[in-house]
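The values are calculated or read from the model by the stated rules, or taken from the named source; none is laboratory data. The structure presented is a predicted model; accordingly, all values stated were derived computationally and were not measured. Note that each Cβ is placed from the backbone with ideal geometry, even for glycine, and that neighbours are counted across all protein chains shown.
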Amino acid sequence: MLESFILKEEDAVRVGHEDLRTTTTAIFEKMGVPSSDAAVAADVLVMADLRGVDSHGVSNMLRTYVQGYTNGTINPTPDWKIIRERPSTANIDSDLALGIIIAPKAMEIAIAKAKRTGIGVVTMGRAGHVGMAAYHAMMALPHNMIGICLSGTPPQVLPTFGAEPRLGTNPIAVAVPTKNEDPFVLDIATSVVAINKFRIAKRLGATIPGGMLADMEGTPIMEAGLVPGEFLGLPMGALRELGSHKGYGLACVVEVLSTVLGGFGFAARNTRSAPGGFAHYVAAYDIDAFTDVPEFKQTMDDFLQTLKATRPAPGHERVLVPGQLEAEATAERTTSGIPLHKEVVEWFRGTCAELSITCNF
């Protein structure tokens with residue numbers, strides 16, 4: 001990860017993941033979220049922090065969710081329902097449920113369908129932010145399945161050659177089980193950088209490289225500098241010459257599968273400020289429906305080990321595989337605690353005091 005998005009140890013307070021989970025659960029409960037859902041929501045956020053995906057952990061997202069519950073744009077007790085269903089598919093009206101709560105329910109449905117038919121696909125609309133997409137994809141791993149999560153988000157990103165945001169950062173996550181290696185877990189935005197990471201850079205007062213975002217006229221900012229007050233996201237690749245059409249095209253695919261397929265319009269046509277501006281897609285592929293599970297897992301191990309054994313280019317120590325850094329971060333942070341910026345810790349303590357909650361750190 002770029003240094004611009006990494007919290008320096010001298011600015012951090014290390015917090016145990018169990019204490020963080022307990023306090024976060026209590027905050028969700030104070031928002032009117034049922035205890036079981038509050039525990040799931042807290043687990044999604046804390047798992048992001050454990051995996052080093054700080055952009056989607058408590059530091060950035062919890063206060064946004066609290067604001068959404070407070071202003072009524074997120075429903076703490078949604079009457080979500082399946083509005084169309086077949087043996088291997090389902091489509092859910094989320095009734096303004098927070099995405100980190102509805103997506104695990106949708107993935108459970110997808111997994112159950114995959115056990116019966118080989119593949120389960122569930123779309124969900126009128127939802128809130130999905131958090132770390134990898135969390136939902138990884139739910140398939142214990143079932144010897146491949147998991148996928150896509151998320152169509154409100155417009156923040158320019159199409160190639162465009163001067164107006166038409167697409168979201170529209171992340172893609174794929175999780176694949178292995179035998180002895182850490183699971184293959186790819187979790188990427190289709191923009192150059194997930195927008196939430198710029199919040200981290202702002203908090204840290206860090207300089208970001210050029211080519212990550214554009215000014216409000218759509219011109220890519222190619223010089224290094226601080227994150228401006230207003231900006232537009234760029235598709236993966238930044239410039240057409242560098243392959244921005246690929247990120248743009250992938251974002252469109254996510255939009256089609258998560259939003260249009262479910263009958264929930266598309267981001268650029270929907271009102272950005274309207275509640276429930278997110279739509280999501282989860283899928284589970286039962287490996288046994290395609291090949292023998294033990295052989296598949298061994299082949300995945302061989303595949304990942306071959307990639308890791310690649311001779312590194314000059315100036316680099318090793319070749320990484322998707323999910324490797326996150327697995328290493330989980331091991332370190334489980335033992336040493338999750339690093340939170342001092343400002344975030346102060347927010348927790350102030351919020352807990354306002355809500356009459358015991359802050360465990």
Do you know which of the residues in segment 221-239 that are farther than 26 Å from Asp11 by Cα and in contact with a helix residue (DSSP H, G or I) (Cβ under 9 Å, 6 or more places away or on another chain) is modelled with the lowest pLDDT?
Ala238
Report, by residue number, each residue of segment 73-101 that is under 22 Å from Val44 (Cα atoms), part of a strand (DSSP E or B) and either touching a helix residue (DSSP H, G or I) at 6+ places or on another chain (Cβ under 9 Å) or modelled with pLDDT under 95 (or both).
Ile92
Being at pLDDT 85 or above, under 30 Å from Pro294 (Cα atoms), of a type in the set (Ser, Thr, Tyr) and in a loop (DSSP other than H, G, I, E, B): is that true of Thr178 here?
yes
When residues of segment 169-206 are filtered for being more than 19 Å from Ala133 (Cα to Cα) and touching a residue at least 24 places away in the same chain (Cβ under 8 Å), how many remain?
9
Those residues of segment 100-153 that are out of contact with any Pro (no Cβ under 9 Å at 6 or more places or on another chain) and of a type in the set (Ser, Thr, Tyr) come to a total of 1
Could you tell me which residue of segment 114-132 is farthest from Pro171 (Cα to Cα), considering only residues that are under 20 Å from the mean Cα position of the chain (by Cα) and not in a strand (DSSP E or B)?
Gly128
So which residues in segment 143-165 are over 12 Å from Ala284 (Cβ atoms) and modelled with pLDDT of 95 or more, if there are any at all?
Leu150, Ser151, Gly152
Sole residue being of a type outside the set (Val, Ile, Thr), touching a Leu at 6+ places or on another chain (Cβ under 9 Å), modelled with pLDDT of 95 or more and assigned to a loop (DSSP other than H, G, I, E, B), chosen from Leu320, Leu257, Leu307:
Leu320
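Yes/no per residue for (1) surrounded by 15 or more Cβ atoms within 10 Å (Cβ to Cβ); (2) polar (S, T, N, Q); (3) under 19 Å from Val130 (Cβ atoms):
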site: Ile208; (1), (2), (3): yes, no, no
site: Ala214; (1), (2), (3): yes, no, no
site: Met222; (1), (2), (3): no, no, no
site: Val227; (1), (2), (3): yes, no, no
site: Pro235; (1), (2), (3): yes, no, no
site: Glu255; (1), (2), (3): yes, no, yes
site: Gly263; (1), (2), (3): no, no, yes
site: Asn270; (1), (2), (3): yes, yes, yes
site: Val282; (1), (2), (3): yes, no, yes
Hey, Ala189 closer than 17 Å to Gln156 by Cα and at pLDDT 85 or above or not
yes
If you take the residues in segment 186-200 that are surrounded by 22 or more Cβ atoms within 10 Å (Cβ to Cβ) and among the charged types (D, E, K, R), which one is nearest to Asn170 (Cα to Cα)?
Asp187
Cβ contacts < 9 Å: first residue assigned to a loop (DSSP other than H, G, I, E, B), restricted to segment 49-60; second residue of a type in the set (Lys, Arg) and buried (at least 24 other Cβ atoms within 10 Å of the Cβ), any location; separation 6+ or different chain. Result?
Gly57/Arg51
Do you know which residues across segment 36-47 are in contact with a Phe, Trp or Tyr (Cβ under 7 Å, 6 or more places away or on another chain) and either of a type outside the set (Val, Ile, Thr) or on the phi > 0 side of the Ramachandran plot (or both)?
Ala38, Ala41, Ala42, Met47
